Amino acid sequence: MANIDPKQGHRERLRKRFIANPESFTDSDLLELFLTYTIPRIDVAPLVDKLLFRFGDITGVLSASYKELCDVEGIGEQAAILLTAIARISSVKPNKENHLQERMKPHKTTQAKLFEVEPALGPLFEEPKETPMRSFVDDEIANSMQFIPEAKNFSNLELYKEYLKDNLPYNSVSTRQRRAEIIINRYFQKKEMNTPLTYFAENCSDPEDLKSALFFETLIAEPLVAKTADDFIWPALPYGYVEREDMRAFILECMPDLTNNSQNKVLIAIFRTYTFLSVGTEQNKGILLFQIHKGTLESFLYVFSTEYPKPGVYSFESLYNGPMRHWLLWDKEWIHQQLYNLQDFGIIAKVSEIDTVRQFTIQLDQMTALRTYFEHPQRDSLSIRERA
């Protein structure tokens, strides 16, 4: 009897999917496609995981030398030659300082900041490019809540990464290293320590405030979760819940080749992200409940300054139809009130509501806005207005 390749069907679907829509392919998909042409009859996905773990992303893999590739268990001579040849053709040059992935461009609905306008001109924006989907199986939410506030104690990212590798609650050294990379790549995409997130984590008054910040940053970094929030959770708001199996069907529309095991991991990770970060609650291990709710002034400050990180004039419409409301499900009237609270602190220069013109003017960049709030001499007394 002839040998039958159990992965043949998957490989054929992978190739057809690339022909149909090459722009949808992630780093992992491309590497898997490459390896199918040099490694027959075995599942190459574990080899892809090893390559990405060792070199960070596809640029890192293609920047690696032939010898470095051969040092990865399972990558033989033919695969190493193919990958180095692809690098040569695409003019990818080795660069050990820059091979890790740059901060991912935000999902299309995070582009409210592009509504920067002159009052008489109306909103001006260009349609941003979609970020390719990738699976979201390791949420690391609880560990991020615990360890991101510790970033203040480290002078550079390498020291912080070593701290994570030593302290994350996993027995395996390789698991701690991999999970540390996930946290770093998700929340420190610019490879800097002194970020608005680390400053906010150090100074915010309550862990609940950090939850909203982490939720927003997670969705910026994870396009699959952002798309689920935009196109699945938000439309279901009138019902107040979604079911696990309906979410599975939606995720499969986004990523048709996910295995059953990966599907289950993604569902667990998304449910945990919503519930642990207090955007929703889980009922009966299969239903995610959610509703419009209020946040806090500090959580609003961080998310608002992330969505609008530069000075400019912006419309109320961009705020009400942007990711802040669609992702965090914050109450519209409550959001409106927070604009005036930030105006009290001098973070928003002006809120205009005259006839049909409804817009606000920001005069500070994000980090300056955060510092202005936390270092304000009358912060406690001004914050009373928000809590009343």
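One line per residue, one yes/no per condition, for (1) modelled with pLDDT under 90; (2) closer than 25 Å to residue 57 by Cα; (3) not in a helix (DSSP H, G or I); (4) not aliphatic (A, V, I, L, M):
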site	(1), (2), (3), (4)
176	no, yes, no, yes
180	no, yes, no, no
183	no, yes, no, no
190	yes, yes, yes, yes
193	no, yes, yes, no
197	no, yes, no, no
201	no, no, no, no
205	yes, no, yes, yes
210	no, no, no, no
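Provide a single number: the residues in the stretch 346-363 that are crowded, with 19+ Cβ neighbours inside 10 Å and not in a strand (DSSP E or B).
Let us first name the residues in the stretch 346-363 that are crowded, with 19+ Cβ neighbours inside 10 Å, namely 347-348, 359-360, 362.
Now restrict to residues that are not in a strand (DSSP E or B): 347.
So the answer is 1.
Any idea which residue in the stretch 310-325 is surrounded by the fewest Cβ atoms within 10 Å (Cβ to Cβ), counting only those that are within 23 Å of residue 273 (Cβ to Cβ) and touching a Phe, Trp or Tyr at 6+ places or on another chain (Cβ under 9 Å)?
Residues of the stretch 310-325 within 23 Å of residue 273 (Cβ to Cβ): 321-325.
Next, only the ones that are touching a Phe, Trp or Tyr at 6+ places or on another chain (Cβ under 9 Å) stay: 322-325.
Numbers: 322: 21, 323: 24, 324: 26, 325: 18.
So the residue we want is 325.
Which helices (runs of 4 or more DSSP H) does the stretch 227-336 wholly contain that include 2 or more residues that are modelled with pLDDT of 95 or more and of a type in the set (A, V, I, L, M, F, W, C)?
On the way: elements: 244-254, 260-276, 297-307, 316-320, 323-328.
Counting at least 2 such residues, we get 244-254, 260-276, 297-307, 323-328.
Testing residue 184 on (1) farther than 30 Å from residue 308 by Cβ; (2) crowded, with 17+ Cβ neighbours inside 10 Å; (3) β-branched (Val, Ile, Thr), one condition comes back false. Which one is that?
The one condition residue 184 does not meet is (1).
Restricting attention to the stretch 34-56, which residues are outside any helix (DSSP H, G or I), under 28 Å from the mean Cα position of the chain (by Cα) and hydrophobic (A, V, I, L, M, F, W, C)?
44
Does the stretch 341-362 hold any residues that are farther than 15 Å from residue 298 by Cβ, among the polar types (S, T, N, Q) and modelled with pLDDT of 90 or more, and which are they?
Within the stretch 341-362, 343, 352, 359, 361 qualify.
From (1) touching a residue at least 40 places away in the same chain (Cβ under 8 Å); (2) surrounded by fewer than 19 Cβ atoms within 10 Å (Cβ to Cβ); (3) not β-branched (Val, Ile, Thr), pick out the condition that doesn't hold for residue 328.
Going through (1) touching a residue at least 40 places away in the same chain (Cβ under 8 Å); (2) surrounded by fewer than 19 Cβ atoms within 10 Å (Cβ to Cβ); (3) not β-branched (Val, Ile, Thr) one by one, residue 328 breaks only (2).
Of these, 93, 105, 129, which one is within 21 Å of residue 18 (Cβ to Cβ), modelled with pLDDT under 85 and part of a loop (DSSP other than H, G, I, E, B)? Show your work before the answer.
Working: 93 fails: within 21 Å of residue 18 (Cβ to Cβ); 105 fails: within 21 Å of residue 18 (Cβ to Cβ).
None of the other options fit; the residue is 129.
The values are calculated or read from the model by the stated rules, or taken from the named source; none is laboratory data. Source: prediction; values computed, not measured. So basically every Cβ, Gly included, is an ideal-geometry build from the backbone, and we count neighbours across all protein chains shown.
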